[in-house]
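First up is the structure itself, then whatever we jot down about it.
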Amino acid sequence: MSYTTLSLTLIFVLIPLFLSKTLKLGLEKDTIIATVRSIIQLLIVGYVLKFVFETESIVYILLMITLMIVAATLNARKKGKAIKGITWKIALTLIVVEVVTQGILLGLHIVPATAQYIIPISGMLIGNSMVLSILFLNRFTAEVESSRDQIELILSLGGTPKQAIHKQLTNSIKASMIPTIESQKTIGLVQLPGMMSGQIIGGADPVQAVQFQILIIFGLLTTAALSSIMVGFLSYPTLFNERMQILKSV
Amino acid sequence: MTQFHETVIKFENVCYETEQLSILNNVSGEFYKGKITTLVGPSGAGKTTLLKLCNGLYSPTSGEVYIQNKPINSYEPTTLRRNVGIVLQSAPILKGTVYENLALPYTLQNKKFPKTEAIKFLNNVGLDESFLHRHAEDLSGGQRQKVSIARTFINHPEVLLLDEITSALDPSSVNDIEQLILKINQKYQVTMIWITHNIEQAKRVGDYTWVMMNGQLLESGETNILWNNSNKYIQNFVSGVQEV
């Protein structure tokens, strides 16, 4: 695709801008910022990936993955600011997700150990883990705030913090995993996943594209479960102090 | 006269603050074994905070709370809370049957609660066996509060903290709950601290009364301190509440 052709896709940006202006939605500034950022970020990533793929250096691969984890952590932690140490908790979760998934993929030779496979797959799995962490933290903090009475009831009957918060924890883990599971139920019927579509457009064999997509969706399931459960179990103890009291603000 | 009673809970210069507010300011006083002490005072006086300091749901910012002459922090929290039970105004009910709610104190200790025991506790609070398998969420306010009292009492607490447990109930249920609490107090010699906005109720049920205002203990003593008190704040509070 030439740059002239690519520039025509800006029509897709003009449509929401026009609608936002006409309906006074006030989204023009955010739309422009998002457009400019996505162009700059993707162009930079494109050139960086080209460089990393050509060098095939393990150092650059690790550096790319580290950057992804740092960016995802900084983004996800905003939703759990009231939870002590949330930054390292999310970072640790993302590292574990990356190590477990890549360990299985590379250790069992499911994909070749090259930058061309490791980096895009890491991006998808870390990105999903970030979204799962955000969904979990959003739900968990809201659940805890709205059910302080029930939490204090269980504590006051002699329950431990883990018993007191068990319902809110499991509800939040389930709620954050539901979108991943539900979207997989309709995959291929309602939506064609981005990676698969990209490969097909790029000229790859559709069956091979599907095989890689299956690999990714299975990986996403592990990612979803690991992310919600790890962030949850690392977070809930910090909502209580050593006297088993729930802290004032969550 | 008060010095002849055994002290169960003692507050010594207790302050409690949040980041923005001072909730309790230098509160000192004692609660006596087997007696009912009513806590009265306007909203925001710090009454509920004081109650939650008694069973370790909160800890003082400064000062000390003693339970049976030992600092509260020397008790393991879960043991302390089973021994100092609290019944909340909202009577929080968990989804499930009345039996599941009553069994909660046992479930938390990984023990099975015998149904015969559950029926005994239901009968004690004036509810019959037919309630056992009813959905707790379908109960009336008075019935919920009775289940809530029974559930707290299953731990056999020596102290019972009651946070405005009749404020949302109709007069008939108020009378039922008052009689139930008095029965528990007399039969089991349970020490009780009872927050109420109702001065007449404080008079009916209380042996002792603490009057609180703006986080301070204005007055404490036998319940008749509420009447013929020289303190203008207390006079105003009592007459104001009675007028309402």
Review point. Hey, any hits in segment B:67-81 for a residue that's in contact with a strand residue (DSSP E or B) (Cβ under 9 Å, 6 or more places away or on another chain), among the hydroxyl-bearing types (Ser, Thr, Tyr) and part of a loop (DSSP other than H, G, I, E, B)?
Key: yes
Study note, to complete from the structure: Residue hits (segment A:78-88; in a helix (DSSP H, G or I) and buried (at least 21 other Cβ atoms within 10 Å of the Cβ)) are A:Gly80, A:Ile86
Review point. Can you find even one residue in segment A:104-111 that is aliphatic (A, V, I, L, M), outside any helix (DSSP H, G or I), away from chain B (no Cβ under 14 Å) and touching a Leu at 6+ places or on another chain (Cβ under 6 Å)?
Key: yes
Study note, to complete from the structure: Filtering segment B:175-197 down to residues that are surrounded by 19 or more Cβ atoms within 10 Å (Cβ to Cβ) and more than 14 Å from the chain's Cα centre (by Cα) yields B:Asp176
Practice item. State the number of residues belonging to segment A:195-213 that are within 20 Å of A:Lys185 (Cα to Cα), modelled with pLDDT under 85 and not aliphatic (A, V, I, L, M). Key: 1
**Study point:** Residue among A:Leu169, A:Leu155 that alone is assigned to a helix (DSSP H, G or I), at pLDDT 95 or above and within 14 Å of chain B (Cβ to nearest Cβ)
**Key:** A:Leu155
Study note, to complete from the structure: Of A:Ala164, A:Ala91, the only residue that is part of a helix (DSSP H, G or I) and away from every other protein chain (no Cβ under 14 Å) is A:Ala91
Revision key, fill the gap. Of A:Leu226, A:Leu169, A:Leu155, A:Leu192, the only residue that is in the same structural domain as A:Thr101 (by TED's automatic domain parsing), touching a residue at least 40 places away in the same chain (Cβ under 8 Å) and either over 30 Å from B:Val147 (Cβ atoms) or within 16 Å of the chain's Cα centre (by Cα) (or both) is A:Leu226
Point to revise | Boolean, A:Glu143 is within 30 Å of B:Leu160 (Cβ to Cβ), assigned to a helix (DSSP H, G or I), at pLDDT 90 or above and touching a helix residue (DSSP H, G or I) at 6+ places or on another chain (Cβ under 6 Å) | key: yes
Check your understanding: Quick one: in segment A:172-207, which of the residues that are among the charged types (D, E, K, R) and in a helix (DSSP H, G or I) is surrounded by the fewest Cβ atoms within 10 Å (Cβ to Cβ)?
Key -> A:Lys185
Exercise for review: List the number of the failed condition for A:Ser146; all other conditions in (1) within 14 Å of chain B (Cβ to nearest Cβ); (2) within 23 Å of the chain's Cα centre (by Cα) hold.
Suggested key: (2)
Review point. Of the conditions (1) touching a Lys or Arg at 6+ places or on another chain (Cβ under 7 Å); (2) modelled with pLDDT of 95 or more, A:Val100 fails just one. Which one is it?
Key: (1)
Exercise for review: Within segment B:32-46, count every residue that is surrounded by fewer than 23 Cβ atoms within 10 Å (Cβ to Cβ), closer than 22 Å to B:Val205 by Cβ and not polar (S, T, N, Q).
Suggested key: 5
Exercise for review: Collect the residues in segment A:156-193 that are in contact with a Phe, Trp or Tyr (Cβ under 7 Å, 6 or more places away or on another chain) and polar (S, T, N, Q), keeping them in residue-number order.
Suggested key: A:Gln168, A:Ser172, A:Ser176
Exercise for review: From B:Leu161, B:Leu169, grab the single residue that is in contact (Cβ under 8 Å) with a residue 24 or more places away in the chain and part of a loop (DSSP other than H, G, I, E, B).
Suggested key: B:Leu169
Review point. Mind checking whether some residue in segment B:89-97 is in contact with a His (Cβ under 6 Å, 6 or more places away or on another chain) and either not in a strand (DSSP E or B) or not hydrophobic (A, V, I, L, M, F, W, C) (or both)?
Key: yes
Practice item. Output the residues belonging to segment B:13-24 that are surrounded by 16 or more Cβ atoms within 10 Å (Cβ to Cβ) and under 17 Å from B:Tyr66 (Cα atoms). Key: B:Val14, B:Tyr16, B:Leu24
Check your understanding: Taking segment A:22-55 as the region of interest, how many residues are of a type outside the set (S, T, N, Q), more than 30 Å from A:Ile118 (Cβ to Cβ), assigned to a helix (DSSP H, G or I) and in contact with a Leu (Cβ under 9 Å, 6 or more places away or on another chain)?
Key -> 2
Review point. Just checking, how many residues over segment B:58-72 are facing another protein chain (nearest Cβ under 7 Å) and surrounded by fewer than 20 Cβ atoms within 10 Å (Cβ to Cβ)?
Key: 1
Study note, to complete from the structure: Counting only strands (runs of 3 or more DSSP E) entirely within segment B:1-57, those with at least 2 residues that are within 14 Å of chain A (Cβ to nearest Cβ) and on the phi < 0 side of the Ramachandran plot are B:7-17
Practice item. Report, by residue number, each residue of segment A:222-250 that is in contact with a Pro (Cβ under 7 Å, 6 or more places away or on another chain), surrounded by 18 or more Cβ atoms within 10 Å (Cβ to Cβ) and farther than 22 Å from A:Leu92 by Cα. Key: A:Met244
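The values are calculated or read from the model by the stated rules, or taken from the named source; none is laboratory data. Computed from a predicted model, the values in this text were never measured in an experiment. Positions of Cβ are backbone-derived with ideal geometry, glycine not excepted, and every protein chain shown enters the neighbour counts.
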